[in-house]
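Here is the structure we will look at, set down as structure tokens.
The values are calculated or read from the model by the stated rules, or taken from the named source; none is laboratory data. This structure is a prediction, so every number in the text was calculated from the model and none was measured. A quick note on method: Cβ atoms are made from the backbone with ideal geometry, for glycine too, and the neighbour counts reach across all protein chains shown. The area values use the complete protein model at the heavy-atom level, side chains included, leaving out ligands, DNA and RNA. Shrake-Rupley method; radii C 1.70, N 1.55, O 1.52, S 1.80 Å.
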Amino acid sequence: MLHWEQSGYEPSLPITEKSNPITTDIDRADPKEIVQMLQKCDAEIFEGTLHEDSMYQKLNSCSVIQTMVDISKRVEMILKDPENGLIVLSGCGTSGRIAFLLATSFNRWLAALHEKQIYSYIIAGGDKALLTSQEAPEDNPSLGALMLDKACSDKKHVLFIGISCGLSAPFVAGQLDFCLNNLEVFTPVLIGFNPVCMARTEPMRDFPFHFRKVAERMSEMQKHQRAFVLNPAVGPEAVTGSSRMKGGSATKVMLEIVLLTGHEAVYSKKTITPDGVSALVKMYEKAHEVTYSQSNNLAALVQKAGVSLQEKGHVYYLGWQTLGIIGIIDASECIPTFGAGFEDIRGFISRGFSEMNNKEGDLSSVGPHFFISHKDFVNTFLPCLSGNDMVIFLFSVNDNLNEVSELAKCVGQNTSNLHALIHDFEGHCVPESFRALFMTALSITWPSSLYKQCSVLMNQHWELSTKWCLNAISTGAHILKGKVYKNYMIDLRVTNSKLYRRAIRMLQRFTNSTQRQSETALLKSIYDVEELTEEISSTDVTQHTLAANQKDQVVPTALVILQSGCSLAEAKSHLDAHPVIRDAVAACLRLS
């Protein structure tokens with residue numbers, strides 16, 4: 001049995017909020033060790049149930065496989081009646097970005113078959129949330145229900161897939177509740193990675209139920225095949241609570257298998273069976289093996305990205321097609337996760353918003369945060385490149401290699417810190433002369449035999465592999481910069497109630513302070529005051545998170561206050577003197 005599975009391991013926390021024993025010392029690891037730890041954590045997605053006394057169902061468990069089969073059959077039904085049906089994928093943050101990626105990818109596939117596009121996505125905060133943190137709407141269940149109702153107003157049959165890795169997002173809870181009250185139209189599916197008994201019980205704003213109550217109603221309706229809960233345990237995140245990583249990857253794996261199986265039932269006349277679903281799970285496990293077979297080259301990119309951030313440089317992803325979208329998603333998630341600056345890591349896609357194919361279209365007029373095309377990069381960022389800036393190209397052998405080559409030569413005139421993540425397959429590899437354009441070419445060659453039956457699966461594996469690699473690069477770089485304390489994202493932005501509670505738990509854990517002491521220090525840091533006023537103390541969590549969203553180093557400052565018993569001003573002084581949070585805390589302990 002894995003250590004985190006034992007009943008006595010951090011028993012008060014749901015799985016998605018537990019720390020992973022594999023990565024306890026990841027903040028002191030070198031790049032190669034960081035990649036090895038991440039490889040082991042990602043492998044837990046596919047871990048089987050080896051012990052009868054395990055309290056958790058896994059991805060390979062018979063019950064989980066059967067639920068995937070049942071949902072695939074609902075996908076098949078919607079595909080057979082596209083005029084009246086719709087499949088809606090929804091979530092917040094990473095979950096919403098995965099929903100967007102899959103909805104647009106499967107719509108492209110339907111368009112290529114000259115079939116009606118029946119997928120839609122909803123992300124809390126709208127399309128701006130695809131590129132920037134818009135986390136406050138996560139706490140609004142009524143808004144979630146309203147957006148779902150609007151998206152499905154003229155449909156008779158809707159398969160709704162609500163993604164909440166921790167079974168905690170009020171936005172998604174409101175949507176699921178709406179579905180449960182309209183089962184004549186909706187079949188709701190809840191996707192997450194905690195047992196229902198670990199779902200969130202905190203009251204929600206203007207909503208009569210907490211998330212666990214909604215999840216319990218879903219479980220009850222599953223007995224009648226009116227709703228489904230797909231929630232295998234895949235283990236704690238490598239960086240505690242960072243569901244952009246394993247949670248996002250496992251969501252992508254499960255949903256692609258479910259949707260692909262439904263499509264093949266309609267367009268390839270394949271019967272949906274548990275064996276067929278299990279075989280696809282094995283193929284995704286093979287994708288993990290192929291990706292991490294390149295761990296040495298991946299570690300080299302982690303090291304170079306770490307140096308760039310340490311030297312106040314930037315990391316730029318230049319991608320093509322959906323690999324470009326993966327780059328944009330990874331970059332956007334670094335800001336709330338690590339308290340990173342917006343410019344630290346940026347993603348760009350070949351033809352910008354026209355290639356994104358998002359609902360709200362071109363958002364570049366909103367501001368420079370939404371400049372995402374290669375043309376934007378060449379015009380705005382390329383002239384300012386320094387030797388500390390790192391550029392990573394993301395492409396496959398199926399992309400326009402002449403276009404890739406021209407851009408690489410153009411960028412190469414300004415910097416030699418140029419690297420590539422390349423996907424090709426046996427018998428169709430990128431020429432060696434082409435790889436010579438880059439200082440490092442992390443080239444992943446995929447076995448052609450895997451994809452004889454389904455070429456679409458190859459593209460999905462390339463996306464997931466790119467996600468794993470970029471997660472490793474951006475996470476590893478921020479670890480090397482000192483943004484992680486043990487295996488906690490200590491410098492996260494406290495932008496919603498979930499993150500507010502997580503911040504308090506971290507402060508309690510690292511300082512042995514009470515909940516009240518931890519919350520007091522956090523509020524002092526948020527409001528930049530030495531003493532709390534009655535007004536601050538009586539304000540609700542929503543207002544606290546709105547104030548916190550405008551501040552940097554909120555949690556580290558509170559941590560230093562609690563560790564040393566110092567004033568707010570002194571805590572800030574310690575952090576100014578020691579940008580690496582681990583060093584600031586160590587300095588405080590020496591002084592105290």
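Computed quantities for the displayed model
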| read-out | value |
| --- | --- |
| Residues of the range 412-429 that turn out to be under 16 Å from Leu318 (Cβ atoms), modelled with pLDDT under 95 and of a type outside the set (Ser, Thr, Tyr), as a count | 3 |
| Total residues in the range 403-437, condition within 16 Å of Val378 (Cα to Cα) and part of a loop (DSSP other than H, G, I, E, B) | 5 |
| Residue satisfying condition, being of a type outside the set (Phe, Trp, Tyr), under 25 Å from Phe178 (Cα atoms) and either out of contact with any Pro (no Cβ under 9 Å at 6 or more places or on another chain) or open to solvent by 40 Å² or more (accessible area, probe 1.4 Å) (or both), within set Gly93, Gly85 | Gly85 |
| Failed criterion for Arg212 (all others in (1) over 25 Å from the mean Cα position of the chain (by Cα); (2) open to solvent by 50 Å² or more (accessible area, probe 1.4 Å) hold) | (1) |
| Filter result (within 19 Å of Ala43 (Cβ to Cβ) and outside any helix (DSSP H, G or I)) within the range 10-27 | Lys18, Ser19, Asn20, Thr24, Asp25 |
| Output for the range 106-135, where each listed residue is over 17 Å from the mean Cα position of the chain (by Cα) and either of a type in the set (Gly, Ala, Ser) or open to solvent by 10 Å² or more (accessible area, probe 1.4 Å) (or both) | Asn107, Arg108, Trp109, Ala111, Ala112, Leu113, His114, Glu115, Lys116, Gln117, Tyr119, Ser120 |
| Selection within the range 464-514 - in a helix (DSSP H, G or I), free of Cβ contacts under 8 Å to residues at least 40 places away in the same chain and open to solvent by 10 Å² or more (accessible area, probe 1.4 Å) | Gln508, Arg509 |
| Pair list, Cβ < 6 Å and 6+ apart or interchain, from the range 136-147 residues that are small (Gly, Ala, Ser) to residues that are open to solvent by 20 Å² or more (accessible area, probe 1.4 Å) | Ser142/Asp206; Ala145/Phe178 |
| Residue list for the range 58-116, filter: without any contact (Cβ under 8 Å) to a residue 24 or more places away in the chain and farther than 20 Å from Cys152 by Cα | Ser63, Ala111, Ala112, His114 |
| Whichever residue in the range 436-456 is among the aliphatic types (A, V, I, L, M) and over 30 Å from Thr104 (Cα atoms) and, among such residues, is surrounded by the fewest Cβ atoms within 10 Å (Cβ to Cβ) | Ala436 |
| In the range 360-387, the residues that are farther than 23 Å from Asp127 by Cα and touching a helix residue (DSSP H, G or I) at 6+ places or on another chain (Cβ under 9 Å) | Val378, Leu382, Leu385 |
| Tally, over the range 375-402, of residues that are farther than 16 Å from Thr322 by Cα and part of a helix (DSSP H, G or I) | 11 |
| Tally, over the range 266-277, of residues that are in a helix (DSSP H, G or I) and either over 14 Å from Lys80 (Cβ atoms) or within 29 Å of the chain's Cα centre (by Cα) (or both) | 4 |
| Qualifying residue in the range 523-540 (condition: touching a residue at least 60 places away in the same chain (Cβ under 8 Å) and at negative phi) | no |
| Failed item in (1) touching a residue at least 60 places away in the same chain (Cβ under 8 Å); (2) within 26 Å of the chain's Cα centre (by Cα); (3) open to solvent by less than 40 Å² (accessible area, probe 1.4 Å), with Asn459 passing the rest | (3) |
| Test: Ser293 is closer than 25 Å to Leu401 by Cα, open to solvent by 10 Å² or more (accessible area, probe 1.4 Å) and of a type in the set (Ser, Thr, Tyr) | yes |
| Set Thr533, Thr545, Thr520, Thr511: member being among the β-branched types (Val, Ile, Thr) and farther than 28 Å from Ala199 by Cα | Thr533 |
